[in-house]
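See below for the structure under consideration.
The values are calculated or read from the model by the stated rules, or taken from the named source; none is laboratory data. Keep in mind the model is a prediction, meaning the values are calculated, not measured. All Cβ positions, even for glycine, are placed from backbone atoms using ideal geometry, and neighbour counts span all protein chains on display. We work out accessible area using only protein heavy atoms, side chains counted, and drop any ligands, DNA or RNA first. Shrake-Rupley method; radii C 1.70, N 1.55, O 1.52, S 1.80 Å.
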Amino acid sequence: MVVNAGAPVLLPWAGEVPALLWAWLPGQEAGHALADVLFGRAEPSGRLPWTLPARAEDVPVPDAVPVDGVLDYHEGLHIGHRGYDRAGTEPAFPFGHGLGWTTWSYDRAETLAPSATATATATATGAGAAGGDEPRSR
């Protein structure tokens with residue numbers, strides 16, 4: 001199934017399809033790019049830039065409506081994936097989710113400067129038969 005949407009939407013049927021590809025806003029070359037991905041000539045290596053809700057009632061900020069031209073997020077930082085984390089709600093697909101055509105091996109993992117915010121490094125090596133692209137940061 002290909003979803004062509006520029007914002008999070010409900011996908012209650014997502015578990016009923018063998019594969020789900022988010023096309024985002026693909027532009028004028030959409031047909032060629034989509035064909036390349038569907039026929040395996042290119043890998044769908046993107047990751048979700050938002051969290052997709054499992055149910056409408058789980059959305060942390062369901063009614064973001066400007067008042068006098070101002071959009072007040074009274075939730076503070078608890079919007080998007082932070083809202084799901086705070087509520088302990090399991091989304092349909094979390095922020096950063098994405099799969100590709102291949103598998104990866106992660107070696108020499110190391111945490112640098114352990115603290116409240118830590119940085120980790122690892123070496124990613126393609127372990128599958130298909131080509132792929134692993135994002136540098138997760």
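The H on the amide N of Phe93, modeled in the peptide plane, is under 5 Å from the matching H of Leu52, each at least 5 residues off or on a different chain. A helix-only calculation puts the chain at -3000 deg cm²/dmol for mean residue ellipticity at 222 nm, using -39500 (n - 2.57) for each DSSP H run of at least four residues, averaged over all residues.
3J(HN,Hα) couplings calculated from phi for the range 32-44 with the Karplus curve 6.51 cos²θ - 1.76 cosθ + 1.60 (θ = phi - 60°) are, in sequence order, 5, 5, 5, 4, 4, 5, 5, 9, x, 7, 9, 9, x Hz; Gly and Pro show x. Measuring nothing but how far apart in sequence close Cα pairs (under 8 Å, 6+ apart) lie, relative to its length, the range 1-72 scores a relative contact order of 32 percent.
Each peptide in 4-14, 67-77, 91-101 was scored by the mean count of other Cβ atoms within 10 Å over its residues; highest first, the order is 91-101, 4-14, 67-77.
Report, to the nearest whole %, how much of the accessible area of the chain belongs to carbon and sulfur atoms, 1.4 Å probe, protein only.
56
Computed with a 1.4 Å probe over protein heavy atoms only, the accessible surface of the range 1-115 comes to 71 Å² per residue. Highest average first, the peptides 28-38, 42-52 ordered by how many other beta carbon atoms sit within 10 Å of their residues are 42-52, 28-38.
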